[in-house]
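A.B. asks: First the structure, which I've put down as structure tokens, then a few questions once you've had a look.
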Amino acid sequence: MKTFEEMLAMLSQECMAKVMAFHARYAKEFSVMPASLRRHHSWPGGYSEHVLEVMNNALIIDANVPLPRKNYTKDDLILASYFHDIDKLICRYIADAEKPTSRQVDFARSLGIVLAPTESKRSISRKIELKQAGQPIDPAKIFMFVYNNDIPSYFAPAMVCRICYENGIKLSDQALHAITFHEGGFTPGMEPHTELQPLAAVIHAADLLSTIGQNGAK
């Protein structure tokens, strides 16, 4: 599997410098954010693992699956796979600050669960869920984030455009379409008759391959 550095080095010179600068700027967020809150890659750093898997999957699909009407560049492929979930990193997932109730804390401790002083209501619920299911509790994989409901899901493409624009990164129509519809028919607000363009189909397949490998669908 190629690293982020190896993948981004495949971009055109001007684009590569800007995306690498962005990647360096958000290195901490990549290392701590999850890719989902309950399913695939739902642990600190899961975001980084998922995005890298999607990038590598997309590269493999592009190289091995003949696509009719292929109308995208290598830059489009790398940018779409790299930025497909960037709204989660920047503003979709926020730190969980909801305090647990005393009853919840007492119940967790009655089950023999060790709690940290910084536990949130959500993290304790997850530990209780794992304990009752007889599964191991790995503190490093307990999510500490919640979904930011203040941002409608259909705003995601606009957020991606803004983030890229602020960092001097230009997305082609093909890359934007792929980011918008990378969840295929599961994309909120997507019309049933919407046709996925070739790059969107590649990113959708690459995303599914990564999520299926980690507890199924998104």
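The values are calculated or read from the model by the stated rules, or taken from the named source; none is laboratory data. Note that the structure is predicted; figures quoted are calculated from it, not measured. Counting neighbours? That spans all protein chains shown, and the Cβs are built from the backbone with ideal geometry, glycine included. Note: accessible area is taken over every heavy atom of the protein model, side chains too, but ligands, DNA and RNA are not part of it. Shrake-Rupley method; radii C 1.70, N 1.55, O 1.52, S 1.80 Å.
A.B. asks: Can you confirm whether segment 36-59 contains a residue that is over 14 Å from the mean Cα position of the chain (by Cα) and loosely packed, with under 14 Cβ neighbours inside 10 Å?
C.D. replies: The answer is no, given that none of the residues of segment 36-59 is over 14 Å from the mean Cα position of the chain (by Cα) and loosely packed, with under 14 Cβ neighbours inside 10 Å.
A.B. asks: Name the residues in segment 11-35 that are surrounded by 15 or more Cβ atoms within 10 Å (Cβ to Cβ) and outside any helix (DSSP H, G or I), would you?
C.D. replies: Residues satisfying the conditions are Leu11, Tyr26, Met33, Pro34, Ala35.
A.B. asks: Among the candidates Tyr47, Tyr72, single out the residue that is in contact with a strand residue (DSSP E or B) (Cβ under 9 Å, 6 or more places away or on another chain) and either in a helix (DSSP H, G or I) or in contact (Cβ under 8 Å) with a residue 40 or more places away in the chain (or both).
C.D. replies: Of Tyr47, Tyr72, the one residue that is in contact with a strand residue (DSSP E or B) (Cβ under 9 Å, 6 or more places away or on another chain) and either in a helix (DSSP H, G or I) or in contact (Cβ under 8 Å) with a residue 40 or more places away in the chain (or both) is Tyr47.
A.B. asks: Report whether or not Ser81 is open to solvent by less than 30 Å² (accessible area, probe 1.4 Å), modelled with pLDDT of 90 or more and not in a loop (DSSP other than H, G, I, E, B).
C.D. replies: yes
A.B. asks: Quick one: would you say Arg103 is surrounded by fewer than 20 Cβ atoms within 10 Å (Cβ to Cβ) and not in a helix (DSSP H, G or I)?
C.D. replies: In short, no.
A.B. asks: Among the residues of segment 124-150, how many are crowded, with 16+ Cβ neighbours inside 10 Å and within 22 Å of Ile90 (Cβ to Cβ)?
C.D. replies: Going through segment 124-150 one residue at a time, the tally reaches 4.
A.B. asks: Quick test for you: out of Asp76, Asp62, pick the one residue that is open to solvent by less than 20 Å² (accessible area, probe 1.4 Å), acidic (Asp, Glu), at pLDDT 90 or above and in contact with a helix residue (DSSP H, G or I) (Cβ under 6 Å, 6 or more places away or on another chain).
C.D. replies: Working: Asp62 fails: open to solvent by less than 20 Å² (accessible area, probe 1.4 Å).
One residue alone meets the criteria, Asp76.
A.B. asks: If you check Leu111 against the conditions, is it loosely packed, with under 14 Cβ neighbours inside 10 Å and modelled with pLDDT of 85 or more?
C.D. replies: In short, yes.
A.B. asks: Among residues belonging to segment 151-186 that are outside any loop (DSSP other than H, G, I, E, B) and of a type in the set (D, E, K, R), point out the one that is modelled with the lowest pLDDT.
C.D. replies: Arg162
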